[in-house]
Amino acid sequence: MQYVYLVTLLILLEYLVIGYLVSKARARFKVRAPAVTGHLEFERYFRVQQNTIEQLVVVLPAMWIFGLTLNPPWAALLGLVFVLARAAYAYGYIKTGGGRHHGFMFGMYATIALLVGAMIGTLKALF
Amino acid sequence: MQYVYLVTLLILLEYLVIGYLVSKARARFKVRAPAVTGHLEFERYFRVQQNTIEQLVVVLPAMWIFGLTLNPPWAALLGLVFVLARAAYAYGYIKTGGGRHHGFMFGMYATIALLVGAMIGTLKALF
Amino acid sequence: MQYVYLVTLLILLEYLVIGYLVSKARARFKVRAPAVTGHLEFERYFRVQQNTIEQLVVVLPAMWIFGLTLNPPWAALLGLVFVLARAAYAYGYIKTGGGRHHGFMFGMYATIALLVGAMIGTLKALF
């Protein structure tokens, strides 16, 4: 499972970098806490972070179950695809808004592959 | 732990379906990203998703600790109650807003039962 | 890992208490669901909860990997620092807004220590 742990930590680091960019954007665009709206560019940064949480709660458990029941290196590799796709998503969203779609879709493919692998591994363990 | 893995995956699938409904609602009610407000019906879909994340971060660790320290099948069964209660919550919230309360409460009972079981299992392992 | 489980459950309980305070604030400041804005004091409660989720998705996996690969009691102890720092953060945010910074920073130090320990443990397991 070391590979799964390693990619888990990469995902968390990427997520913390995104969180740091949000706090920088909050200062730059003068959006005072607790507000999270009021400036379109800030809202993009904020939505990148929120959407990344929405994905993390699926990707991490799916990757762990895949690793625990089927194949840790493959689970880690798919997790790595997610990390790269998320970077493309964040870059595309912040730059142009519309530029987020490719990164989003590649991340979703990795997520679905992780879920399918986790399901196969779980069913193999059950029967 | 296979039962716990299986119910974990069911929870993640239910959550992805909710996320899909949010993206459909975004298009239907013409709420352009990054905005998450501006149309009451869209906001209901969005709140269902957000509230489900708020629950997931509790339910998944509690179910895993319950399974690891006490009894995996019972942990999985309570997780299944959560899945059904969340479906009722989502349906009730989207249809009428006020119709969400029963599903919310049943999900909360399952969550509390998972936490209590996890605490009992952890204390048994400690002493 | 019992110590890590115990602190995980403490973190989840603290988070549920925060969620309970948000629902009380929703009633008190008359912010009707699905709205999450419209009253500054409610928004502070709500941001405390949201920011706590944003932290939980990092703290819990990092603490578990630290515990699984390096040292469960130390992982649990750092998790406990996070619990205390979060309480200070919540109190400071709700009272004055600006009073949240110390709690936030101490929680972040605990988070970074957990990530560093998890990374050291993972690299030791890999090589």
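Return the only residue of B:ARG86, B:ARG100 being closer than 22 Å to C:VAL22 by Cα, part of a helix (DSSP H, G or I), in contact (Cβ under 8 Å) with a residue 60 or more places away in the chain and of a type in the set (Lys, Arg).
Only one candidate qualifies: B:ARG86.
Can you pull out the residues in segment A:49-67 that are more than 7 Å from every other protein chain (Cβ to nearest Cβ) and small (Gly, Ala, Ser)?
The one that is more than 7 Å from every other protein chain (Cβ to nearest Cβ) and small (Gly, Ala, Ser): A:GLY67.
Regarding A:LEU60, is this residue in a helix (DSSP H, G or I) and surrounded by fewer than 19 Cβ atoms within 10 Å (Cβ to Cβ)? Write out each step before concluding.
On the way: in a helix (DSSP H, G or I): yes; surrounded by fewer than 19 Cβ atoms within 10 Å (Cβ to Cβ): no.
Here the answer is no, as A:LEU60 does not meet what is asked.
Is it true that C:MET108 is touching a helix residue (DSSP H, G or I) at 6+ places or on another chain (Cβ under 7 Å) and more than 30 Å from B:LEU40 (Cα to Cα)? Lay out the reasoning, then the answer.
On the way: touching a helix residue (DSSP H, G or I) at 6+ places or on another chain (Cβ under 7 Å): no; more than 30 Å from B:LEU40 (Cα to Cα): yes.
No.
Just for segment A:68-84: of the residues that are within 11 Å of chain B (Cβ to nearest Cβ) and in contact with a Phe, Trp or Tyr (Cβ under 8 Å, 6 or more places away or on another chain), which one is nearest to A:LEU126 (Cα to Cα)? Walk me through how you get there before you give the answer.
Narrowing segment A:68-84 to residues within 11 Å of chain B (Cβ to nearest Cβ): A:68-70.
Filter once more, so that each one left must be in contact with a Phe, Trp or Tyr (Cβ under 8 Å, 6 or more places away or on another chain): A:68-69.
Details: A:LEU68: 13, A:THR69: 10 Å.
Per the criteria, the residue is A:THR69.
Residue check, A:GLY67 against (1) within 27 Å of B:VAL58 (Cα to Cα); (2) in contact with a helix residue (DSSP H, G or I) (Cβ under 6 Å, 6 or more places away or on another chain); (3) open to solvent by 10 Å² or more (accessible area, probe 1.4 Å), all met but one. Which one?
Result: A:GLY67 passes all but (3).
One residue is enough: does segment B:12-21 have a residue meeting the conditions within 12 Å of chain A (Cβ to nearest Cβ), in contact (Cβ under 8 Å) with a residue 40 or more places away in the chain, among the hydroxyl-bearing types (Ser, Thr, Tyr) and crowded, with 18+ Cβ neighbours inside 10 Å? Outline the logic, then answer.
Going through segment B:12-21, the residues within 12 Å of chain A (Cβ to nearest Cβ) turn out to be B:12-20.
Checking which are in contact (Cβ under 8 Å) with a residue 40 or more places away in the chain leaves us with B:14-15, B:18.
Checking which are among the hydroxyl-bearing types (Ser, Thr, Tyr) leaves us with B:15.
Within this subset, residues satisfying the condition of being crowded, with 18+ Cβ neighbours inside 10 Å are B:15.
Yes, segment B:12-21 contains at least one residue that is within 12 Å of chain A (Cβ to nearest Cβ), in contact (Cβ under 8 Å) with a residue 40 or more places away in the chain, among the hydroxyl-bearing types (Ser, Thr, Tyr) and crowded, with 18+ Cβ neighbours inside 10 Å.
Of all residues in segment C:1-43, which are among the aromatic types (Phe, Trp, Tyr), assigned to a helix (DSSP H, G or I) and closer than 20 Å to C:GLY92 by Cβ? Write out each step before concluding.
So in segment C:1-43, the residues among the aromatic types (Phe, Trp, Tyr) come out as C:3, C:5, C:15, C:20, C:29, C:42.
Then keep just the ones that are assigned to a helix (DSSP H, G or I); that gives C:3, C:5, C:15, C:20, C:42.
Selection gives C:TYR15, C:TYR20, C:PHE42.
Is it fair to say C:PHE46 is in a helix (DSSP H, G or I), open to solvent by 20 Å² or more (accessible area, probe 1.4 Å), out of contact with any Cys (no Cβ under 7 Å at 6 or more places or on another chain) and within 11 Å of another protein chain (Cβ to nearest Cβ)?
Values: in a helix (DSSP H, G or I): yes; open to solvent by 20 Å² or more (accessible area, probe 1.4 Å): yes; out of contact with any Cys (no Cβ under 7 Å at 6 or more places or on another chain): yes; within 11 Å of another protein chain (Cβ to nearest Cβ): yes.
It is true that C:PHE46 is in a helix (DSSP H, G or I), open to solvent by 20 Å² or more (accessible area, probe 1.4 Å), out of contact with any Cys (no Cβ under 7 Å at 6 or more places or on another chain) and within 11 Å of another protein chain (Cβ to nearest Cβ).
Where residues in segment C:91-127 are more than 18 Å from the chain's Cα centre (by Cα) and among the aliphatic types (A, V, I, L, M), which of them is surrounded by the most Cβ atoms within 10 Å (Cβ to Cβ)?
Residue satisfying both the conditions and the ranking: C:MET119.
The values are calculated or read from the model by the stated rules, or taken from the named source; none is laboratory data. Values in this document were obtained by computation on a predicted structure and should not be read as measured data. A quick note on method: Cβ atoms are made from the backbone with ideal geometry, for glycine too, and the neighbour counts reach across all protein chains shown. Heads up: the accessible areas ignore ligands, DNA and RNA and are worked out on the full protein's heavy atoms, side chains in. Shrake-Rupley method; radii C 1.70, N 1.55, O 1.52, S 1.80 Å.
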